[in-house]
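Nothing in this text is a laboratory measurement; each read-out follows from the coordinates by a stated rule. None of the values given here were measured: they were computed from a predicted structure. No Cβ is skipped: glycine too gets one built from the backbone with ideal geometry, and neighbour counts run over all protein chains shown.
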Amino acid sequence: MLAQDICLEIEPHVAAAIANLAAELRLVDIGDYIAYLRMEQFDCIADIVRDASEMYFTPGFIEFGNDGEASAEWGSPPEVTLMLVINSARAKAHVALKLCTDHAEVKLGYVSFDHAFDGRHDLATLLVDDIFDNMIAAPGLPGRIFFPRGGLTGPGAP
C-alpha cells in the first residue's frame, strides 16, 4: 500500500494532535515568518517551531523541515505554509502546516515507514500510536484524548 493512501486516513488525527501547536505558532506574526522565509533564515523558524512543539511533544519529535511557502497578495490576508517533519521511532511524516490570520490547515504529504507491516490497520495506527506516545499532557489541554490505545476509531477507521 502506498503511504499516500494512508495519509488521507491519518491526516485528521495528525491535525487534531497538532492543533495546539498550530495555535501556538499562529501567535507569531505571519509577516515575521514571511521575512524569515524570503531571507532564508530557516534557523529562526526552526527555533520557533522547536520551542512551540516542546510545549506539547517530546523534544525533537516535531521539527521544521527547512522549507515553506509565503503568500502576501494585495487584497487578501497573508498566509504562510511551514513544512514540518514528525520524527516517529517507526515512521517519518511530512506535514504542510498552513498558518492563516484566523485559522490553520494541515496537509499530510507523505509518510515513510521504517519497516514493512502486514496489514492496513498496522500502517494506519502506527503513526497515531507514536504521536500518542510522544504527547506531553498539560493541565487544561486535551493532550492524549485524541488517541485511544487501541488505535483509530470512528469514520475512516480500518
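Annotation: Cα Rg of the range 3-136 relative to the compact-globule expectation 2.2 N^0.38 Å equals 1.06. Using the Cα coordinates of the range 1-74, the gyration tensor eigenvalues translate into equivalent-ellipsoid semi-axes of 24, 17, 13 Å, sorted from longest to shortest.
Quick check: net charge around Val111, other residues with Cβ under 12 Å of its Cβ, Lys/Arg +1 and Asp/Glu -1?
That works out to -3.
Straightening the chain between Asp5 and Ala23 buys 3.7 nm, computed as 0.36 nm per residue apart minus the Cα-Cα spacing. Stokes-Einstein diffusion for the range 34-95, with the hydrodynamic radius set to the Kirkwood value over Cα pairs and evaluated at 25 °C in a medium of 0.890 mPa s, equals 195 µm²/s.
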